[in-house]
1. For the stretch 29-56, how many residues are surrounded by 10 or more Cβ atoms within 10 Å (Cβ to Cβ) and basic (Lys, Arg)?
2. Just for the stretch 57-82: of the residues that are open to solvent by 50 Å² or more (accessible area, probe 1.4 Å) and among the hydrophobic types (A, V, I, L, M, F, W, C), which one is modelled with the highest pLDDT?
3. Say whether the condition of being charged (D, E, K, R) and under 23 Å from His81 (Cβ atoms) is met by at least one residue in the stretch 49-56.
4. Which of the following residues is open to solvent by less than 100 Å² (accessible area, probe 1.4 Å), more than 21 Å from Leu63 (Cβ to Cβ) and at pLDDT below 90: Gly26, Gly16?
5. Any idea which residue in the stretch 1-13 is surrounded by the most Cβ atoms within 10 Å (Cβ to Cβ), counting only those that are within 11 Å of Val73 (Cα to Cα) and in contact with a helix residue (DSSP H, G or I) (Cβ under 6 Å, 6 or more places away or on another chain)?
6. Return the residues of the stretch 6-20 that are in a strand (DSSP E or B) and farther than 10 Å from Val41 by Cβ; say none if nothing qualifies.
Amino acid sequence: MIHLDKISISNARRFGKDVEIKFGKGATILLATNGIGKTTVFEAIELALTGQFKRLGYPPIALIRDMETELDVRLDFNNNHF
């Protein structure tokens, strides 16, 4: 079964450059206080998989960090695809 190993995010809302979040093989729970970036992680995954945001529309200006001009998202899967 294919699963997400890691997400790399740069310049998305509260995330600076080259932030990596690693996922285990089982269920992953993102637990943090409000405003830390849980929703940003899910929106970045949606953008990487579909090329769009249902909630934010296009272009995804609302997801890009203040004072930055671009957003980078990379999903690494256990089958060496990204």
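The values are calculated or read from the model by the stated rules, or taken from the named source; none is laboratory data. Owing to the predicted nature of the structure, the values given are computational and were not obtained by experimental measurement. Here the Cβ positions follow ideal geometry from the backbone for every residue, glycine too, while neighbour counts run over all protein chains shown. Each accessible area value is taken on the protein alone, full model and side chains, heavy atoms only, with ligands, DNA and RNA left out. Shrake-Rupley method; radii C 1.70, N 1.55, O 1.52, S 1.80 Å.
1. 2
2. Going through the stretch 57-82, the residues open to solvent by 50 Å² or more (accessible area, probe 1.4 Å) turn out to be 58-59, 61-62, 65-70, 72, 74, 77-82.
Subsequent filtering for residues that are among the hydrophobic types (A, V, I, L, M, F, W, C) retains 61-62, 67, 77, 82.
Values: Ile61: 73, Ala62: 74, Met67: 81, Phe77: 95, Phe82: 89.
Residue satisfying both the conditions and the ranking: Phe77.
3. Step one: filter the stretch 49-56 for residues charged (D, E, K, R), giving 54-55.
So of that shortlist, the ones also under 23 Å from His81 (Cβ atoms) come out as none.
The answer is no; no qualifying residue exists.
4. Details: Gly16 fails: more than 21 Å from Leu63 (Cβ to Cβ).
The match here is Gly26.
5. Of the stretch 1-13, the ones within 11 Å of Val73 (Cα to Cα) are 6-12.
Adding the requirement that they be in contact with a helix residue (DSSP H, G or I) (Cβ under 6 Å, 6 or more places away or on another chain) leaves 9, 12.
Values: Ile9: 29, Ala12: 22.
In this case the residue turns out to be Ile9.
6. First pass over the stretch 6-20, keeping only residues in a strand (DSSP E or B): 6-10, 12, 15, 19-20.
Across the stretch 6-20, the qualifying residues are Lys6, Ser8, Ser10, Glu20.
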